[in-house]
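Engineer: Have a look at this one.
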Amino acid sequence: MEFSCKDFKVGKCQGQKLVDGESMPLVLQPPEANKADMESLLLALKTNKDWFEQLIIKNSAVLLRGFDVKNAQDFNDIVEAFGWDDIRYVGPAPRTHVHKRVWTANEGPLSEFIYYHHEMVLIKESPKTLLLFCEVPPPEGGETPFVPSFRVTERMLEEFPEAVEEMDAKGLQYSFTALSKNDTSSMRGRGWEDTFGTSDREEAERRAKALGMDLEWLPNGGVKAVLGPRSLTRVFDGRKGRRMWFNTVVGMHGKEISSASMADGTEIPENVVKRCGEIIEEESIQFKWEKGDVAIFDNMALLHGRRPSKPPRRVLVATCK
């Protein structure tokens, strides 16, 4: 699909890369200075909805820049303009509801790096699309780096073909622990009551089971969640048959409050995990946030994270089916 849309013009940004001939992120700007207002943007998105959806799958990351997007209300209007169904976030990150379909991104300490992941990769139904809005750009750092997932699979198969195929054949098992209440001093500090939307343990267990996880209650009132088996890689329709690195092995393996192993209990070799982390970083792409930016990620195709940042930084998020 070649780019042809009178309602946008293609721009550039620092850090942009070509991956298999496609710009990541693809930067779209107003076609004219007088077309930067929200009314023009929403009309353009609604008019070109099918074209835009193809563009997201083709380029994996699209950055709307230069439009007059001021706040959560404007961002929500953009989300709703696409007409995609909402999917409620389930995971360990502490977040706050802001407006309608808009939430804060991970509220863990800005000094910490949030490791690369596909959003809700552990849950049976992950969002197809992730939208991010920069309301307050950080003075330093705070980028949202992303990684073309298929490139990780390709390189891991080149270096560790037997280990990759063994993990894919056996599947993966994960575990993580959570307190009962939220702890915003941790980037994985979301409590189980907020995660499952209830303080009733039996109801939490039912909701967890529906999401594909079992709960083990801890003496301190917290919980250990066990998930598996899960895939190491996945192939999704419309994405050139690419084998995506659809897991969070590096982010959870051998951590204080989480673990990752093969589903039969076999340990994942430390050197494989270490090298995978290096490959992911080598393949990462990032741009500097500007006020009003809206990034749209194909969550089936990209891992993403967050660089440490100096305050203030306010990035809002919406997840869509």
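The values are calculated or read from the model by the stated rules, or taken from the named source; none is laboratory data. On a predicted model such as this, the values are computed, not experimentally measured, just so you know. Positions of Cβ are generated from backbone atoms using ideal geometry, with glycine treated the same way; all protein chains shown enter the neighbour counts. Accessible surface areas use protein heavy atoms only, side chains included; no ligands, DNA or RNA. Shrake-Rupley method; radii C 1.70, N 1.55, O 1.52, S 1.80 Å.
Engineer: In whole Å, what is the distance between the alpha-carbon centres of the stretch 248-306 and the stretch 17-73?
Structural biologist: Computed from Cα coordinates, the inter-centre distance equals 26 Å.
Engineer: Moving to a separate point now. Taking every pair of alpha-carbon atoms in the stretch 148-281, what share in percent sits in each 10 Å bin, from 0 to the bin with the longest distance?
Structural biologist: That works out to 12, 37, 30, 18, 2, in percent per bin.
Engineer: Moving on. Kindly give the semi-axes, whole Å and largest first, of the ellipsoid equivalent to the stretch 1-123, taking each as the square root of 5 times a Cα gyration tensor eigenvalue.
Structural biologist: Over the Cα atoms of the stretch 1-123, the semi-axes work out to 26, 19, 15 Å.
Engineer: Could you report the stretch 85-180's accessible area per residue, 1.4 Å probe, as an integer in Å²?
Structural biologist: I get 39 Å² per residue for the stretch 85-180.
Engineer: Let me ask you something else. When 1/r is averaged over all different Cα pairs and the result inverted, which Kirkwood radius in Å belongs to the chain?
Structural biologist: Here the Kirkwood hydrodynamic radius works out to 20.4 Å.
Engineer: Less than 12 Å Cβ to Cβ from Ile257, Lys/Arg counted +1 and Asp/Glu -1: what total charge do the surrounding residues give?
Structural biologist: +2
Engineer: State the Cα centre-to-centre distance between the stretch 166-213 and the stretch 77-124 in whole Å.
Structural biologist: About 15 Å separates the Cα centre of the stretch 166-213 from the one of the stretch 77-124.
Engineer: Accessible surface of Lys17 in the full protein assembly, 1.4 angstrom probe, to the nearest 10 Å²?
Structural biologist: 90 Å²
Engineer: Protein chains only, probe 1.4 Å: how do Thr248, Thr184 rank by accessible area, largest first?
Structural biologist: So the residues, ranked largest to smallest area, are Thr184, Thr248.
Engineer: According to the square roots a ≥ b ≥ c of the eigenvalues of the Cα gyration tensor, what is the shape class of the stretch 246-291, taking rounded for a/c under 1.5, prolate for a/b larger than b/c otherwise, and oblate for the remainder?
Structural biologist: In terms of gyration-tensor shape, prolate.
Engineer: Sticking with this one: If you build a Gaussian network model of the chain, linking Cα atoms that sit under 10 Å apart, which residue out of Gly277, Gly221, Gly251 swings the most?
Structural biologist: Highest fluctuation among the options: Gly221.
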